[in-house]
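So the structure is just underneath, and the comments pick up after that.
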Amino acid sequence: MGSALPKPHVADQALCFHCGQPCDVPQEYDGHIFCCAGCRSVYQIISANNLCTYYNLEKNPGQQQKYPVDAGEFESLNDPFVRKKLLLFDSPDFARVEWYIPAIHCVSCIWLLENLHKLNQGILRAQVHFARKTVTIDFQPAKITPGMVAALLSSVGYAPVIRLQNPASSFNQTAHRSLILKLAVAGFAFGNVMLFSFPEYLGMEGSENMARIFSWLNVVLSVPVLLYSGADYLKSALGAIQQRQINIDLPIALGLVALFARSLYDIVTGYGPGYLDSFTGLVFFLLVGRWFQEKTYRNLAFDRDYTSFFPLAIYRKEQEGWKPAVIYDLEVGDVIRVRNMEIIPADSVVVHGNAFVDYSFVTGESRPVTISEGDRVFAGGRVLGQPMELKIEKKTSQSHLTSLWNHDIFKKPGESRYRRLLDTAARRFTWAVLLITLTAGIYWYLNDPGRVWLVVTSVLVVACPCALALTVPFTLGSMMRQFGRHGFYLKNADVLERLASVNMWVFDKTGTLTHGKAGSVRWMGGNLTPHEQAVVRQLCSYSTHPLSVLIAASLPETNERLLISRFSEIPGKGLEGYCAGHLFRVGSAPFTGAMPVGEPAATVFVSVDGQVRGYFVTDTSVRSNIKEAVSRWKSTVALLSGDNDTDRLRMRSLLGEAAPLLFNQTPHDKLNYISNLQAEGKKVLMVGDGLNDAGALKQADAGVAVTDDAGVFTPACDAILQGDKLGYLDRFVLLAEKSMQLVKAGFGISFLYNAITLSFAVTGNLTPLVAAILMPVSSISVVVFATVSVHFTFNRYFKNQPL
């Protein structure tokens, strides 16, 4: 329910209750005044749905809506061709769209948009990305069409900008071009103002009239710098004042206005030439700093280009057969094969095979959908059952799959401690700057009034939290890049902080601590006919489990065409499927009905119609460098394995006498064990193969999936580690701890910069122009420190190690 609204008398209302604009022809409704029928209509919708908290969060938060919305305006969005281009995901029960909405500007906007489901039951969820001014909306197509969603947004004052391309990308390109143009205008004006000011710089005597002309030319050049190049600072500050808040642009805007106003006053009154050279130079260097910061953040937006260090691969059909290909090499028209439990990398059409597709990574709900030949499937779905051959219909950036990896359902509880610290510091920073500015202004007014404006402007400009804001993302982002280059791929920067805090290590065995190689599989028991071998091979080829991959590779290829039906893979048990009416099972002894054997190696049994035919023995070996790594691990270590305990002695020798060794563990048992450790106050690092350990990986404080196959990807984990790099895991964890130390050092540099520059500014030893130059220099110093320190620290622990 929305909070009750005050009912002011009509005569007390001078501005529109919804948008805050003056009411030329006021319209009264429900005790409030509105400037037009559009604003009144928006209020009626919000009030009727008990969402009036929207007006309590901010004063006059809405946008002016002069004309009522015409629902037919968006009818074209329901056209099948447009719908196909527009929607990120589309199915009978669930669809997703992302739109750019320029009107997003405050917390009220976010609150209202994320409560759209209260306006229409067809809306499932809405999530706002404030920095990009986009909203991602999940809805039920049976209840509401894309056109109706757009009309609903427009009806509450948030009309979407409809583009059949990436809205955020298009917006970012426009914003970048605008920044470059503003920078060019400021640079042109700065150069010419300095040119007109040369006689003054050189102390040349000349005509007073000519000096006045040059001064007024400087004013003409400076006006567009103030109103165009500096408009973003002025708008941001004005918005903050209207909302009775402050932001980091407010001190800068005050400095710009103060310096321009003082210069204009001096020129109009004939007191002097003013400081317009400093003013235009100030804006120019501020924009240079903003350009640098934008470039830096663009390089830090790892989710835009995970291709550099996240090698998700899939099998692609080529002339010589099926070959693995990384997903960013896939092109429209390529035919790919997606196996059981693998992620569909791009929107495609099924050309062969029938299976279930689980879209829980996209929709958040686990409800597999039956897929047949000719059906369209979407990136992010996970295949359940027999492999499918798909034809790529639309290229999907790896950033889309990365966004699935960062879906809310896979997020860990809690928030980054350093991010909270940074947010608190940023909020208090501006208040501190304003207080220092006021104190310095009073002091200089009493002692040297002629220098007040320069000192005040210098203080307002030089004290900038930009360097502070860059410390965390650039330091952690640089370390993530180094990790990725060495085979350890993190979901986001928060994982580094969690890795640094772990004090309990829990490992899976098969596919994690141990692995097999081609030729390490032996068949024991009765004979399998060539047909039965072919069926077993095909069943195992459907699975991504390490033992299934080894068995499939050990059996001879055949040209026999087999039709496998009712295939299923039961985690922790095995595979089953029907061929020519016969039930084949491949897996554990209980699953196949076999009696356990005393083999020290991993065993995989085969049964046909309930009759056990024998078993495969896989001679797995401990991964290289593990023994040396275990000796370096200071944390407590435990083993959770779904296999029997025939390998107990080898694991005891590897992990030590104190390590708990638990065998015959189901996925649920593993999850409970992790939960119990956390209840004891442990910070748990779970390391598994990502197949039977998804629940444990998600539950752990940090979950690492070890894989030898780049195509196997589980969004439940926090990181993916190449199998041959497991021996270096302790070094990665140690480097995560070092990252936190580097972040603290970066904070120290940022605070030291502000302390030194502010001391020079308040004592009158810093001009506004130099202050503007120092702003980007401070950011550069943090970037250089982060890059050099991370590179140096990483090389200390990975010197001479191959990539």
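The values are calculated or read from the model by the stated rules, or taken from the named source; none is laboratory data. Here the structure is a predicted model, which is why all the values come from computation and not from measurement. Quick reminder, even Gly has a Cβ in these numbers, built from the backbone with ideal geometry, and neighbours come from all protein chains shown. Remember, those area values only see protein heavy atoms, side chains included, never the ligands or the DNA or RNA. Shrake-Rupley method; radii C 1.70, N 1.55, O 1.52, S 1.80 Å.
Checking every residue in the range 624-636 against the condition of being closer than 28 Å to MET595 by Cβ, modelled with pLDDT of 80 or more and open to solvent by 50 Å² or more (accessible area, probe 1.4 Å) gives zero matches. Restricting VAL461, VAL452, VAL456 to those that are over 30 Å from PRO660 (Cβ atoms) and at pLDDT below 80 reduces the list to VAL461.
Annotation note: Cβ proximity below 6 Å between a residue of the range 261-282 that is more than 12 Å from GLY450 (Cα to Cα) and a residue that is acidic (Asp, Glu) and part of a helix (DSSP H, G or I) (sequence gap 6+ or interchain) occurs for PRO273/GLU200.
Only one of the numbered conditions (1) open to solvent by 50 Å² or more (accessible area, probe 1.4 Å); (2) small (Gly, Ala, Ser); (3) part of a strand (DSSP E or B) is not met by SER607, and that is (1). Being surrounded by fewer than 18 Cβ atoms within 10 Å (Cβ to Cβ), closer than 28 Å to ALA705 by Cα and modelled with pLDDT of 80 or more is a condition met by no residue of the range 294-312. Of all the residues in the range 267-276, those that are touching a Phe, Trp or Tyr at 6+ places or on another chain (Cβ under 9 Å) and modelled with pLDDT of 80 or more number 2.
Yes/no matrix, rows are residues, columns are (1) at pLDDT below 85; (2) in a helix (DSSP H, G or I); (3) over 15 Å from PHE284 (Cβ atoms):
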residue: GLY191; (1), (2), (3): no, yes, no
residue: GLU205; (1), (2), (3): yes, no, yes
residue: ARG212; (1), (2), (3): yes, yes, yes
residue: SER215; (1), (2), (3): no, yes, yes
residue: VAL219; (1), (2), (3): no, yes, yes
residue: LEU226; (1), (2), (3): no, yes, no
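Considering only residues in the range 538-557 that are part of a helix (DSSP H, G or I) and in contact (Cβ under 8 Å) with a residue 60 or more places away in the chain, the one that is least open to solvent (accessible area, probe 1.4 Å) turns out to be ILE551.
Looking only at strands (runs of 3 or more DSSP E) that fall completely inside the range 42-158, which ones have 2 or more residues that are open to solvent by 70 Å² or more (accessible area, probe 1.4 Å) and modelled with pLDDT of 75 or more?
Because the criterion is at least 2 residues that are open to solvent by 70 Å² or more (accessible area, probe 1.4 Å) and modelled with pLDDT of 75 or more, the strands (runs of 3 or more DSSP E) in the range 42-158 that meet it are 123-129.
Summed over the range 262-277, residues that are open to solvent by 20 Å² or more (accessible area, probe 1.4 Å) and under 19 Å from ALA771 (Cα atoms) total 3.
Contact map, the range 645-660: residues that are at negative phi paired with residues that are in a loop (DSSP other than H, G, I, E, B) and open to solvent by 90 Å² or more (accessible area, probe 1.4 Å), Cβ distance under 8 Å, separation 6+ or inter-chain. Pairs shown: ASP645/ASN664. Here ILE246 clears all of (1) at pLDDT 80 or above; (2) in a loop (DSSP other than H, G, I, E, B) except the condition numbered (1). Of the residues making up the range 777-785, one or more are modelled with pLDDT of 85 or more and assigned to a helix (DSSP H, G or I). The residue that is farthest from the chain's Cα centre (by Cα), among those in the range 252-271 that are at negative phi and among the small types (Gly, Ala, Ser), is SER263. Restricting the search to strands (runs of 3 or more DSSP E) fully inside the range 472-537 and requiring at least 3 residues that are open to solvent by less than 30 Å² (accessible area, probe 1.4 Å) gives 488-490, 504-507.
Look at ALA736 and say whether it is at pLDDT 90 or above, under 24 Å from the mean Cα position of the chain (by Cα) and not in a loop (DSSP other than H, G, I, E, B). For ALA736, the condition - at pLDDT 90 or above, under 24 Å from the mean Cα position of the chain (by Cα) and not in a loop (DSSP other than H, G, I, E, B) - is met.
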